[in-house]
Structures are given as structure tokens and as C-alpha cells.
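The values are calculated or read from the model by the stated rules, or taken from the named source; none is laboratory data. Because the structure is a prediction, the values reported are computed rather than measured. So basically every Cβ, Gly included, is an ideal-geometry build from the backbone, and we count neighbours across all protein chains shown.
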Amino acid sequence: MKVLIVEDEELAVKKLQKTLTSVDDTIDVVGMTDSIKSTVEWLQKNPQPDLILMDIELADGQSFEIFNLAEVKSPVIFTTSYDEYALKAFKVNSVDYLLKPIQQEELKVALNKFKKMASAGKTDLSIDNLVKELQQKLQPKEFRKRFLVKHAQKLVSIEVDEIAYFYSDGRLNFFKTGDNKKFVVDYTMDELEEMLDPEKYFRISRSFYVSVNSIDKIEDYFGNRLILQLTPAVDKEALVSREKVTDFKIWMGK
């Protein structure tokens, strides 16, 4: 099996070579490139390898650009530091992906998957859909900057940075601004979860989203929960649910 390694970290290249050899000593590493530019040049000058191991983040950009600049007919196993949740598309559209640091057993499983596909004649994978989907997923997410809400028979625009917290009374959802103004918001709590920057807002329960600046005091509460004192004051208990306590403490400590 002839393999091309695309990786810009020298130590990672050496470790990957060693791991490949330990998994299958018949593997022949026919090339090593460390950038978009060098990979495109290599692909233009050499026969397509049987398999490419490709890091997503290279010194001169994301490796997806390689597919726009050169014809890539080889199956690809991507290597990446991105978390698994964001990369479900890999399992469908590529041979596989490996999270760094790459473990020998995981590499072995990925190579076995490739060999089974090769024996079944299924290595002619189209990478186009994968590249498009991943480019969308891995772009920095745009979070909501303002909300348009009703106030005194008028519509007003409220900047998200002015909002202290969001909460539900079971019927309607509201937010309060730092100057203690209350507005109805026409979104569910689940919809708000997609709109708000998780660095600034945390969902402490099914009915509460708080900003870090709104938290005045944190106290223990029965049932292994926490209770928050918020500013401005709110007319219901702001409880951190038991299953959220650990993540909340991590978020507060960032």
C-alpha cells in the first residue's frame, strides 16, 4: 500500500510513520508534504497513492483547498484535533478520520476499513460533498448580535451584549437587560441555544440562560445543585441543574 502523508508538524510525521509501520510493515510511505502548495505540487508530479493521510490544519490554510487546486482520486483518512461531534460527515464521505494524538489501535481500524473497501472495489470515493460540508461546519460560527422585540406597541432592537439573562415562565420566554428592562422573546430555549455564544451565555437549566456578567453570587443548593443570585434580580429561582453543575463550574473558570 502506497501512502502519502500530509502533515506540517515534524514530530507528528515521525510518529505517524512509526505507527504505520507497527500496524502494517508492508506500507510504503511514498511522499510527505507539509502545506497546501507542496501537496498540490506532489499530486501533479506523482502517481496517485493508494491512500492519503491528511491533516486538516496546515501552515498555509485548511487542506480542503487542495481539492480545489488538484485532482485527488485517492481515498483520504483525515487527521484532526476537532472534536468528534463536529465531524460526523467523515464517517459517511471519507474512509475515516482520526483524532490527534493518533492511537495505534485507531489507525489499525481505519486501515482495515480501507482494505475492506479496496477489496470490494469501493475506494473511488467522491470527496466533493465532504469538503463542502466540512468547510461549512468548521467555519467560525456567527452568533446572534441583536434581537428585535416589541415594546410599547413598537419594535426595538436590543444588542445581545446588553442582555443579562433569558428565562421561561412555562408559557412565554423573556430576557432582561442589564438596566432591568424585561422583554418577551419569540424563540424557544432550544432555538436560543443555537443563537447565543457559549463563551458568554450558559444554559443552567431547561428554563434559564445566564450571562457571566449577570451572576452576582453562587451558593450550594440541595440535590447537588447550585442557586445563583442574578443582577438584575429575577422573580424565580435561578437553579443550576444537577447534570449541569460540572460544566457550569468549568465555564465559570474560563
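Would you mind stating whether Asn213 is exposed (fewer than 13 other Cβ atoms within 10 Å of the Cβ) and outside any strand (DSSP E or B)?
no
Just wondering, is there one or more residues in segment 155-172 that are in a loop (DSSP other than H, G, I, E, B) and surrounded by 12 or more Cβ atoms within 10 Å (Cβ to Cβ)?
Among the residues of segment 155-172, not one is in a loop (DSSP other than H, G, I, E, B) and surrounded by 12 or more Cβ atoms within 10 Å (Cβ to Cβ), which makes the answer no.
Check segment 153-167 and report whether any residue there is at pLDDT below 95, farther than 22 Å from Phe248 by Cα and either acidic (Asp, Glu) or not assigned by TED's automatic domain parsing to the domain that holds Leu226 (or both).
No - not one qualifying residue is present in segment 153-167.
Give the residues of segment 8-31 that are touching a helix residue (DSSP H, G or I) at 6+ places or on another chain (Cβ under 7 Å) and under 16 Å from Pro75 (Cα atoms), sorted by residue number.
Ile27, Val29, Gly31
State the number of residues belonging to segment 245-254 that are over 13 Å from Val212 (Cβ atoms) and under 20 Å from the mean Cα position of the chain (by Cα).
The number of residues fulfilling the criteria is 1.
Any residue in segment 102-124 that is modelled with pLDDT under 70, in the same structural domain as Thr26 (by TED's automatic domain parsing) and under 30 Å from Leu11 (Cα atoms)?
yes
Output the residues belonging to segment 206-249 that are among the basic types (Lys, Arg) and either farther than 24 Å from Asp179 by Cα or in contact (Cβ under 8 Å) with a residue 60 or more places away in the chain (or both).
Of everything in segment 206-249, those that are among the basic types (Lys, Arg) and either farther than 24 Å from Asp179 by Cα or in contact (Cβ under 8 Å) with a residue 60 or more places away in the chain (or both) turn out to be Arg206, Arg225, Lys236, Arg242, Lys244, Lys249.
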